[in-house]
Structures are given as structure tokens and as C-alpha cells.
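A short write-up of the structure that comes next.
The values are calculated or read from the model by the stated rules, or taken from the named source; none is laboratory data. Predicted, not measured: the structure shown is a model, and the values here were computed from it. Note that each Cβ is placed from the backbone with ideal geometry, even for glycine, and that neighbours are counted across all protein chains shown.
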Amino acid sequence: MKSLYNKLLSFINTIRGKIAFYPTLFSIIGFNFAMLMLYLEDKGISAFIIEHVPELVINNPDTAKTLLSFLTGGIISIMVFSFSMVMVLLNQASSNFSPRVLPGLISNRNHQYVLGIYLATILYNTFTLVGINPQEDSKYQLPGFSVLLGIIFTVICFGAFLYFIHSISQAIQVNNILDNIYKKAKNRLEHLLEKEEETPPEFPDTSNWKSYYSTETGYFQKIAVSNLIAICKEHQIKIKILPIQGIFVLKKVPIIKVSQEIDSELVKRILSNFNFARGEFIEDNYALAFKQITEIGVKAMSPGINDPGTAINSIDYLTELFALRLQKNDKTVISSEEKEPLIAITTANFKEVLYQVMSSYRTYCKNDLTCIQKLFIMFKYLLLQEPHLKEYHSAILAEAELLFQDTKRTIENQTDINRIESLYKSLPQPKTN
């Protein structure tokens, strides 16, 4: 039952990132509310409202039908316009920044809420319109209160549309995109740091362990840790997870190593706790934020965009993320309540993440003195921070040396070279003791 719950929770977290999730949910609510109002109209709610507040209720069938038809058509128009603006936003973000930022923009809940309000109101007005009896009947009571609610919901739609225009104009600004990416990665890193043990237990050597292969293809997002711990305890085994979280895993490649040979049913049970997806989400994989921010900064330096300011902003955000990453261990070992190491998770180590980021900046920004200076300032700041492992500072100095060598080969002006050399030599050296 617990395994089923975790799988259901993982599935819900995945579909919540889809642009159609909340609009669909709101549409169902709008339809059900329309059915509820039709039921209440049969019970005489409009007659009660007319008796006490007659000014609020429309009691003419032709007027009600015309008004609802007009309002529904208006909502459809602004909904089409809103969807068109979303497409323009996604196209512009993909062209100017990076296609990798699209999942974050698509999963913006506020925009989904607005589209959901549109759809819910359209469905409510449509079914309320269907419930109006066009025939003259002295015993027939027009659903005036339902029509009133339709008018109120339409006014709410107009307000949501104004908010949507404001929000979408803010969402396309590169500073807001960088800030959203940074905040998601920061929250994820802080969550991992809270759960991380100060000194993770030693995990046994896995070189002679049996490997088992993936049965799915997709981005490896997350695992159901509690279920895997229960399996390890039940069968007295230890598991090493081979792919790095967020990496694209192909079918029939090694995905786990187990301390002893297990049957196919147990393999299937273990792999059922792995969540694969076709998209990438920073909420599941903080390393993706380094990639996205780097791509935005590098693309800003392309001849077609030529925006060094955005590249410098991206370095500022990377500096803060790297400073937070310095506090995390490169090894992730999950233990039981008795402190016995059961699961080893392969993670992107600090040196590799830093190298991948810097290789892009060294390639595309080595001609721009302002970006080079900003990178050396980043190195200096990181070297002043207390690392979880001393090797982190050695990796930073190695990247600083590579950047200095590339800069000397690229920049010809001696004054610029002297300035860069001064920054390089001012970097604090790690303590030997």
C-alpha cells in the first residue's frame, strides 16, 4: 500500500508540471458546479433570491440567453489570445535564452490557474445556457441566480486576463527567469543539505557486485527511497544506483548494482520505484540549474544577441549556487535507522559540475574582459568559503588556471592581460594543514 501511495504521489508531481493539468482540473470543477446549480435551480433557489433580492436576478429568458452567449464568446476570445501569448512567450524564451527554460515557464501555476478559470467559466456558462427553457411556461422558473453567477465569473475572468498580461510580461524578462531557476535550485540544495549526514557512512566496494539493466528510457528523476530501504531490509541486500539523477537513461544499460544475485521479480520490484520522465525539472535535479543558467549566459554572448550584462548576471547566480554546493558532500549514502548503509546514489560531483560550467564560459566568453573579470571574482569568493571537502578548492584553482591560460592566448592587449594576471594572482591559496 505504501509503495502504491509513493508511486501515485510521484505521478501527481510529474503531471502537475504539464500545462494542461490545472486547466483540466478547473474545467471539471466548472462542469460539476454547473450541474450543482441546475440541481439547486430545480429546488427553487432562484425563486428564493427573487423573493428577497429581486434586483439581482434576470427573469427574462431572451435577455439571459443573449447575455450568456455574448459573455461566453468574449471569454473564448480572450482565452485564445492568452494561449497565443503563451506560445509567443515560449518561442521568444527558446530563441533568446535556452530551450531548457521552457518546462519551467510551462509549469508556471499562475498562468495555468488563469487558463483554468477561463475554461471553467466557459463550461459553466454553456451548461447554464442549456438549462434555460425557451418555452413560455407559467410554472417554469428561469435559472436567474445561475445566470447572475455566470456574470460574476465572467467579471473574474476579465480580472484574471489583466493579471495574465502583467504576469506574462514579467515572466519573459531574463532576470526573472534566472531568479526563478536560482530559487528552485537553492530550495532543492537546502533540502538535500538538511537531510545529509555530516559524515556519510562508508559504503562497501561494489566492483564485484551484480549489475542489472534499465527496462525504460527517459530522464532519471527520482526514487522512492523509503520503499527501497524496506526492500533492502527485507532481502538483506545493498543497492548502488549507477546513473546520475537527471541524466537520460537508455533501455538495457546498467542502472543498479546489488550486493548479491536476485531474481527477475525482485529486480522488477526495485526498478518500479524509479521515476522516469521525458522532461527535466530543477525541483528534482538541482544540477540542471547550473546547466540552464550557463546556457542563458553563453547564449547572451552569441553575436546575434550580444548581451554581456545577462552573461554577468548569470555568473552572479552561479556564484551563489556554487557557494551552496560547496557545503554538500559528493557522496550520497542512505542508511537505515540502525545507521547501516543500504543505498549508494551516484551524484554529480563538484569538480565535474564546475568543469562543465567553466568549459562553456571559457569557450564563448574568453574574448570579453568584463566576463573574465567576473569569473575570477567568482573564484575568489568561492575560495573564501568553507568547503565540505578540501578537494573543492583545488578544483576551483585548477579551473582558474585554465581560464587564465585561455585568456592569455586570446586577448592581445597587454593592459588587459596584466589586469587578468593581477586577478589570477590575487586568488587565495588553500590551507595546507
Of the residues in the range 341-363, those that are buried (at least 21 other Cβ atoms within 10 Å of the Cβ), of a type in the set (V, I, T) and in a strand (DSSP E or B) come to I343
Pairs returned, first residue in the range 294-314 that is of a type outside the set (A, V, I, L, M, F, W, C) and at pLDDT 85 or above, second residue that is crowded, with 23+ Cβ neighbours inside 10 Å and not in a helix (DSSP H, G or I), beta-carbon separation under 7 angstrom, 6 or more apart or interchain, are K299/F97
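Is one or more of the residues making up the range 373-383 of a type outside the set (K, R), touching a His at 6+ places or on another chain (Cβ under 7 Å) and in a helix (DSSP H, G or I)?
Yes, the range 373-383 contains a residue that is of a type outside the set (K, R), touching a His at 6+ places or on another chain (Cβ under 7 Å) and in a helix (DSSP H, G or I).
Here's the yes/no breakdown for (1) farther than 22 Å from Y361 by Cβ; (2) polar (S, T, N, Q); (3) not in a strand (DSSP E or B):
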{"residue": "I262", "(1), (2), (3)": "yes, no, yes"}
{"residue": "L266", "(1), (2), (3)": "yes, no, yes"}
{"residue": "T294", "(1), (2), (3)": "no, yes, yes"}
{"residue": "K299", "(1), (2), (3)": "no, no, yes"}
{"residue": "I305", "(1), (2), (3)": "no, no, yes"}
{"residue": "D316", "(1), (2), (3)": "no, no, yes"}
{"residue": "T319", "(1), (2), (3)": "no, yes, yes"}
Any pair with Cβ under 6 angstrom, 6 or more apart, that starts in the range 336-353 at a residue that is closer than 23 Å to A398 by Cα and ends at one that is in a strand (DSSP E or B) and at pLDDT below 90 = T347/T332
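To keep it simple, each residue is scored yes or no on (1) buried (at least 16 other Cβ atoms within 10 Å of the Cβ); (2) assigned to a loop (DSSP other than H, G, I, E, B); (3) outside the structural domain of A311 (by TED's automatic domain parsing).
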residue	(1), (2), (3)
K339	no, yes, yes
P387	yes, yes, no
F404	yes, no, no
R409	no, no, no
I420	yes, no, no
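For every residue, the table says whether it meets (1) modelled with pLDDT of 95 or more; (2) closer than 22 Å to V298 by Cα; (3) under 29 Å from the mean Cα position of the chain (by Cα); (4) not hydrophobic (A, V, I, L, M, F, W, C).
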{"position": "C371", "(1), (2), (3), (4)": "no, yes, yes, no"}
{"position": "K380", "(1), (2), (3), (4)": "no, yes, no, yes"}
{"position": "L383", "(1), (2), (3), (4)": "no, no, no, no"}
{"position": "H388", "(1), (2), (3), (4)": "no, no, yes, yes"}
{"position": "Y392", "(1), (2), (3), (4)": "no, no, yes, yes"}
{"position": "A398", "(1), (2), (3), (4)": "no, yes, no, no"}
{"position": "E401", "(1), (2), (3), (4)": "no, yes, no, yes"}
{"position": "Q405", "(1), (2), (3), (4)": "no, yes, no, yes"}
{"position": "K408", "(1), (2), (3), (4)": "no, yes, no, yes"}
Scan the range 314-325 and give yes if some residue there is buried (at least 21 other Cβ atoms within 10 Å of the Cβ) and among the small types (G, A, S), otherwise no.
-> yes
Which one of these does P201 not meet: (1) within 30 Å of Y118 (Cα to Cα); (2) surrounded by fewer than 17 Cβ atoms within 10 Å (Cβ to Cβ); (3) not charged (D, E, K, R)?
-> (1)
